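Accompanying notes for the structure given below.
None of the figures in this text is laboratory data; all of them are computed from the coordinates on show. What you are looking at is a predicted structure, and each value in this text was computed from that prediction instead of being measured. Every residue, glycine as well, gets a Cβ built from its backbone with ideal geometry; the counts of neighbours run over all protein chains shown.
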Amino acid sequence: MAVLFPASSVESRSGGGSGRPVRAFTLVELLLVLGMGLALSAVLVQLLVAESRLGAVMVRQWRERTLQRRTLDLVRDDLRRAVAIRLGSAGSSPCPLSGREPVLQISTAEGPITYTLGLPPSSIWRGRVLMRCGPAFGLDGEPSRGASQNRVVIDALAPAGFRAEVQAIGQFRLSMEQELPLLQGGAHRITTAAVVAAPPPDP
């Protein structure tokens, strides 16, 4: 005796009667997708590294420019207190020069001030330095009348990293240039300049 089932029941048991096999990814396709994902990840990592380096360079530039402006402010304040000014290597210095070249000499009521450019006094400094030999500053921020002190005010300077030049009568142009090495090779130069009112230099 034969048992008959409805046609709808047979179709439901056989997968709905569509007759289409389920298609899966092949191994080659999975490897291609994985390779594309790894390549995209590598590009994104490179972009992040480049952005991080650019950010570090910008922060470094900002820090060095701030230090340059502070150094020029120090020289400007010394010039404003000057009673006599000499450019270059003329005159003598109360501090040992150790081969550094005097670039600016200032006479003030508190004592003489000499700025010298050259090799650093120790290996902790980067490259050439600008040093200030003159009266120390008290807690009030004003120079004292004690013995002269020789201090590095900025380092990593280019060969001609500091210049003081007469721009006009009663005006000096101060310029500073640092030479900073880059990780990928070469060097980056950062320059700052300022014009200062001061007595004319001695002839």
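Quick look at the values:
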read-out	value
Backbone HN-Hα couplings from phi across the range 104-111 [Karplus 6.51/-1.76/1.60, Hz, Gly and Pro as x]	7, 10, 10, 9, 10, 5, 7, x
Formal net charge of residues neighbouring G138 (Cβ-Cβ distance under 12 Å; K, R +1; D, E -1)	-2
5 angstrom amide H check on R128, placed H, neighbours 5+ away	A156, L157
Residues whose placed amide H lies under 5 Å from that of Q149, excluding near-sequence neighbours	G134, A136
Computed magnitude of the charge dipole of the range 73-134 (debye, nearest 20; Cβ of K, R +1, Cβ of D, E -1)	140 debye
Charge context of L119, other residues only, Cβ under 14 angstrom, K/R +1, D/E -1	+1
Positive-pole candidate from S93, A160, F137, dipole of the range 53-197, charges at beta carbon	A160
Among 101-111, 187-197, the order from most to least packed when residues are scored by Cβ within 10 Å on average	101-111, 187-197
Positive dipole terminus of the range 43-169, leading residue within L67, T116, L47 (C-beta point charges)	L47
Charged-residue dipole, Cβ positions (Lys, Arg, Asp, Glu), the range 78-203 about Cα centre, Debye nearest 20	100 debye
